[in-house]
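Accompanying notes for the structure given below.
Taken together, the values in this text are just the output of simple stated rules run on the coordinates, not laboratory data. Computed from a predicted structure; not experimentally measured. Cβ atoms come from the backbone with ideal geometry, glycine included; neighbour counts cover every protein chain shown.
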Amino acid sequence: MDGRVQLPVLQWIKENYAVDFVDVITEAGMDNVLSNQADISEVLRSISISVNVNKSCKLFVAGHYDCRGNPVDEEMHRQHITGAVKRLKSHWPTHEIVGLWINKDWKVTIISSQPASPPKTT
Ligand SMILES: [Zn+2]
């Protein structure tokens with residue numbers, strides 16, 4: 001949700017991945033929501049549209065310093081981001097899921113990554 005975070009993340013993704021567009025889905029404290037909230041159906045619905053209609057092939061979960069929606073320390077953010085990546089992977093096993101941490105200088109680093117797995121062939 002935090003506007004301070006979105007531009008650095010979008011820039012970083014475009015510099016590091018061959019993507020044309022990035023769909024942004026926001027919640028206050030998304031890392032905590034995806035890691036700990038029982039009902040995440042609204043977020044999953046948004047991701048489904050991005051994946052099915054816009055053909056997104058990579059998903060990024062971003063957690064950041066000074067997050068007012070999830071005011072915990074960095075270590076806890078890292079746990080939430082890692083948990084969020086695992087949870088999304090269970091919904092989109094064939095997609096690459098990357099967890100990002102944005103520090104107090106708005107620098108982006110990968111802290112958790114699940115590669116795309118090939119679709120099952122029968
Ligand atoms: Zn935030």
Problem set entry | Within the stretch 3-114, percent of DSSP bridges classed antiparallel, to nearest 5 | 45 percent
For this session: Identify which of Ala62, Ala38, Ala28 has the largest mean-square fluctuation in a Gaussian network model of the chain, with springs joining Cα atoms closer than 10 Å.
Result: Ala38
Seminar exercise, completed: So, with points 7 Å from each Cα along the Cβ direction, the Val22-Ala38 label distance in nm works out to 3.4 nm
Exercise. Counting only residues 5 or more places away or on other chains, whose amide H sits under 5 Å from the amide H of His95 once H atoms are built in the peptide plane?
Worked result: Ser117
For this session: Would you list which lysines come within 18 Å of Lys89, measuring only between C-alpha atoms, while excluding same-chain residues fewer than 8 positions from it?
Result: Lys55, Lys58, Lys120
For this session: Kindly provide the trypsin sites (Lys or Arg not before Pro) of the stretch 27-79 that DSSP labels as loop, not H, G, I, E or B, and whose Cβ sees at most 13 other Cβ atoms within 10 Å.
Result: Lys55, Arg68
Exercise. If the chain between Ser117 and Gln6 were fully stretched, how many nm would it gain, using 0.36 nm times the residue separation less the Cα-Cα distance?
Worked result: 37.2 nm
For this session: Would you mind finding the longest exposed-site-free stretch of the chain, with exposed chymotrypsin sites (Phe, Trp or Tyr not before Pro) meaning DSSP loop and at most 14 other Cβ atoms within 10 Å?
Result: 22-122
Problem set entry | For the chain, calculated [θ]222 nm from helices alone, where every DSSP H run of n ≥ 4 adds -39500 (n - 2.57) | -13000 deg cm²/dmol
